[in-house]
Amino acid sequence: MTGAGQLSIVGLGPGGPAHRTRAAEDAVRAAEVVVGYRSYLAQCADLTGSHQVLVPGAMGAEQQRAVDAVHAATDGHRVALVSSGDAGIYGMASLALCTVAGLAAESRPAVHLVPGITAATAAGALLGAPLARDFACLTLSDLLAPWEAVEARLRAVAAADLVLALYNPRSAGRPWQLGRARDVLLEHRPADTAAGLVTDAGRGGERVEVTTLAAMDATAVGMRTVVIIGASGTQRLGDWMVTARSLAEVAS
């Protein structure tokens, strides 16, 4: 049994409307209450109107946003909790679902998750086909995990010869982690390994660069950049990064 309200946890995609799904747009338009970080509300401002209540949140207040959205839904409202990219990948879905699970069964609202294009696939499309075979996603942020744990996972991925998509690679408060990650990767991969930097994918000011692991300029990277590091099966074809679909192609 669920409460009268409904909670949609919505991934808005990487940037502009062209990369939003119709399901995401429908969920935001149908909501009576839209909850999200201020920039996410701006990202879907063309879908909202004066008939809706917008609940903006600050960066770092993710838990409060989840609580606000769930409480509004348990009060009987149709609520959209919005994230950029996909809400289930470094987004709000886990916090919201844990909050709902903590309620008595008879108080829980109906919950619907709406997937979105995540940063790794948006960046991959702009770079060519770097994610054509096995790959891993890793955040370099140490806000929610100690750097020792982040580096341990980085070393495991590097040794496993997986293409790697790095989220949250560098910020003003975390200026050294990407350089350290490059050093760790260079222990396992050649200096000329293909690397791609995509900033503001799908947004104004979009920038795409294909370089090598050794030549990658960490100072040109910010929080809105996704860094994709190739594996042994990845080659540079002009402006593209392309990973072989078959391990047999790599061996040959």
Worksheet item: Among the listed residues ALA120, ALA132, which satisfies the condition of being under 18 Å from GLY233 (Cβ atoms), touching a residue at least 40 places away in the same chain (Cβ under 8 Å) and either among the hydroxyl-bearing types (Ser, Thr, Tyr) or in a loop (DSSP other than H, G, I, E, B) (or both)?
Response: ALA132
Worksheet item: Looking at VAL157, VAL208, VAL163, VAL150, which one is of a type in the set (Val, Ile, Thr), surrounded by fewer than 16 Cβ atoms within 10 Å (Cβ to Cβ) and either assigned by TED's automatic domain parsing to the domain that holds GLY124 or in contact with a strand residue (DSSP E or B) (Cβ under 6 Å, 6 or more places away or on another chain) (or both)?
Response: VAL208
Discussion item. Take the conditions buried (at least 19 other Cβ atoms within 10 Å of the Cβ) and either in contact with a Lys or Arg (Cβ under 7 Å, 6 or more places away or on another chain) or touching a residue at least 40 places away in the same chain (Cβ under 8 Å) (or both) and apply them to VAL184. Does it pass?
Written reply: no
Item to complete: Being closer than 24 Å to GLN64 by Cα, surrounded by fewer than 17 Cβ atoms within 10 Å (Cβ to Cβ) and touching a residue at least 24 places away in the same chain (Cβ under 8 Å) is the filter here, so list the residues in the stretch 15-31 that pass it.
Response: ALA30
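In the same structural domain as GLY11 (by TED's automatic domain parsing), in a helix (DSSP H, G or I), surrounded by fewer than 24 Cβ atoms within 10 Å (Cβ to Cβ) and under 19 Å from the mean Cα position of the chain (by Cα): does that describe LEU113?
Working: in the same structural domain as GLY11 (by TED's automatic domain parsing): yes; in a helix (DSSP H, G or I): no; surrounded by fewer than 24 Cβ atoms within 10 Å (Cβ to Cβ): yes; under 19 Å from the mean Cα position of the chain (by Cα): yes.
Considered against the rule, which asks whether it is in the same structural domain as GLY11 (by TED's automatic domain parsing), in a helix (DSSP H, G or I), surrounded by fewer than 24 Cβ atoms within 10 Å (Cβ to Cβ) and under 19 Å from the mean Cα position of the chain (by Cα), LEU113 comes out as no.
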Response to the item:
Being modelled with pLDDT under 95 and under 28 Å from ILE9 (Cα atoms) narrows LEU126, LEU178, LEU164, LEU143 down to just LEU143
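For VAL208, state whether it is farther than 19 Å from ALA156 by Cα and touching a residue at least 60 places away in the same chain (Cβ under 8 Å). Lay out the reasoning, then the answer.
Numbers: farther than 19 Å from ALA156 by Cα: yes; touching a residue at least 60 places away in the same chain (Cβ under 8 Å): yes.
Spelling it out, VAL208 is indeed farther than 19 Å from ALA156 by Cα and touching a residue at least 60 places away in the same chain (Cβ under 8 Å).
Taking the options ALA195, ALA201, ALA231, name whichever one is in the same structural domain as LEU140 (by TED's automatic domain parsing), in a loop (DSSP other than H, G, I, E, B) and closer than 20 Å to ALA156 by Cα.
Details: ALA195 fails: in a loop (DSSP other than H, G, I, E, B); ALA201 fails: closer than 20 Å to ALA156 by Cα.
The unique qualifying residue is ALA231.
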Worksheet item: With respect to ALA125, is the statement that it is within 16 Å of the chain's Cα centre (by Cα), part of a helix (DSSP H, G or I) and surrounded by 21 or more Cβ atoms within 10 Å (Cβ to Cβ) true?
Response: no
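The values are calculated or read from the model by the stated rules, or taken from the named source; none is laboratory data. Quantities reported herein were computed from a predicted structural model and do not represent experimental measurements. Quick reminder, even Gly has a Cβ in these numbers, built from the backbone with ideal geometry, and neighbours come from all protein chains shown.
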